[in-house]
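The values are calculated or read from the model by the stated rules, or taken from the named source; none is laboratory data. Keep in mind it's a predicted model, so treat the numbers as computed, not measured. Every residue, glycine as well, gets a Cβ built from its backbone with ideal geometry; the counts of neighbours run over all protein chains shown. Heads up: the accessible areas ignore ligands, DNA and RNA and are worked out on the full protein's heavy atoms, side chains in. Shrake-Rupley method; radii C 1.70, N 1.55, O 1.52, S 1.80 Å.
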Amino acid sequence: MKLKMPSQKKKSAPQLAAVALTVLTVIILCLYSFYMLPTIASQNDPQPHGADRSHHVLILGESADEDALREIYRGAEAESRSYDCVVELNVPSSLAEDQSLQSMLDFASFVDADGVIAYIGEGVSSVRIPRTTGGREIPLITVSRYDETIPQISHIGTNYSELGKKIAEESVKFLNGSGRIIIINTVKSNSANYSNLMASVTGYLDYYNDIDVLITDLDSSTAITDTSSILARRIRYSEADLLVCLSSEDSIRAAQLVNDLGKSGYVGIIGFGEGSVLDRYLEIGVITELISIDSQKIGSVALRELFEYIHYGHANSYIAADVKVRWAEEL
């Protein structure tokens, strides 16, 4: 007897369609894995801005100068494309731990930077010039305080006599030539720059007989916000038309005091410095006028001088920084 082999049934049309759909799905998934996923991954993990450019410049400084440094960075970064350059900002808050200016300069040597723009604060002593791994000196431009022991190719600094004159001029304009000014002084150091600034302010105001000037010496900026102090009493009883502050911290503290005493709009404040807190007090009108060094302009000028040296071997040895004035009424 012959054994019959089991007959194979032909697949129906719906079954064939299901198989075809499965195969097509597998092919699409394979194509997605090979072509689409790498593209999406690269979009989610972008390269640093300008990382493919030819030159690398570091901007660095210590924590006390961070607001100014960020503005300097913005100015330099805006110019960077013109020089095929990537600009990197190194400040303590962007690092794992607080570092000295010298350690940041040493990092510039480690990465073989093409140039460095460094903010030299009051507490900075002599530093070693950064060098590439090949021993070549890395061009250094310094900002703020000039130190003749540092072999910088260029220095962008502040003319404190002109700055003091500008502060005094704006004070006279605010008072229309007549009124009472309190200049808040909390600086106890023997800084020549601060002495020039104070002498310039008071010297200019001496020419105006209808303006009474009182210099209030305080132990520190924190003493400004003491609502029981003589300064607070003078403000509370309208014995001042204008407060003049010569540092960022003094300006913030004076704004806090005037606001706490409910005298905003009755007592003017001419503040000095830059930063988000000062900007906010200016926006709401507690600070009447804000004078600062134009740090963004410093950044753009510094980058231009740096590449003048890189391309031609020379740069201006000293450049005076521009002064910027902003008024609350404009905002």
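Would you mind counting up the charge near VAL201? Only other residues with Cβ under 12 Å from its Cβ, with Lys and Arg at +1 and Asp and Glu at -1. Write out the running numbers ahead of the final one.
Details: positive: LYS165, LYS166; negative: GLU162, GLU169, GLU170, ASP206.
It works out to a net charge of -2.
Grab the beta carbon distance between THR202 and ASP106, set R0 = 45 Å, and tell me the FRET efficiency rounded to 0.05. Intermediate results must be reported in sequence, preceding the final value.
Working: r = 43 Å, r/R0 = 0.95.
My answer for the efficiency is 0.60.
Cα gyration tensor of the stretch 106-210, axes a ≥ b ≥ c as square roots of the eigenvalues: rounded (a/c below 1.5), prolate (a/b > b/c) or oblate?
prolate
For ILE215, which sequence-distant residues (separation of 5 or more, or a different chain) have an amide H within less than 5 Å of its own amide H, given hydrogens modelled in the peptide plane?
Under 5 Å from the amide H of ILE215: ILE183.
Determine the sum of side-chain charges near THR225: Lys and Arg each +1, Asp and Glu each -1, restricted to other residues whose C-beta is under 13 angstrom from that of THR225. Spell out each step's value before the answer.
Details: positive: ARG253; negative: ASP219, ASP226, GLU249, ASP250, ASP260.
That sum, taken over residues with Cβ under 13 Å, equals -4.
Leaving out ligands, DNA and RNA, what percent of the accessible area of the stretch 191-331 is carbon and sulfur, probe 1.4 Å? Before the final figure, lay out each step's value.
Details: 3040 of 6860 Å².
With neighbouring chains kept in place, the figure for the stretch 191-331 is 44 percent.
Please list the non-local residues whose amide H lies under 5 Å from the amide H of ARG131, H modeled 1.01 Å from N, same-chain partners needing a gap of 5 or more.
Sorted by chain and number, the residues that satisfy this are SER109, ILE138.
Computed FRET efficiency, Cβ-Cβ of ASN316 and TYR237, R0 56 Å: what is it to the nearest 0.05?
Values: r = 51 Å, r/R0 = 0.91.
It comes out at approximately 0.65.
What pairs in LYS165/LYS324; LYS263/LYS324; LYS297/LYS324 have C-alpha atoms more than 18 Å from each other? Can you show the working numbers first?
Values: LYS165/LYS324 13 Å; LYS263/LYS324 26 Å; LYS297/LYS324 10 Å.
Too far apart for the 18 Å limit: LYS263/LYS324.
Listed highest first by mean packing, meaning other Cβ atoms within 10 Å per residue, what order do 145-151, 273-279 come in? Walk me through the numbers before you get to the answer.
Details: 145-151: 13.0, 273-279: 17.4.
The peptides rank, most packed first, as 273-279, 145-151.
Report ³J(HN,Hα) in whole Hz for each residue of the stretch 231-241, in order, from the Karplus equation J = 6.51 cos²θ - 1.76 cosθ + 1.60 where θ = phi - 60°; Gly and Pro get x.
Ordered by residue, 3J(HN,Hα) equals 4, 5, 5, 4, 5, 4, 9, 6, 9, 9, 9 Hz.
Add +1 for every Lys or Arg and -1 for every Asp or Glu among the other residues with Cβ under 13 Å from the Cβ of ILE215, and state the total. Intermediate values should be presented prior to the final figure.
Values: positive: ARG180, ARG234; negative: ASP206, ASP212, ASP217, ASP250.
Overall, the nearby charge balance is -2.
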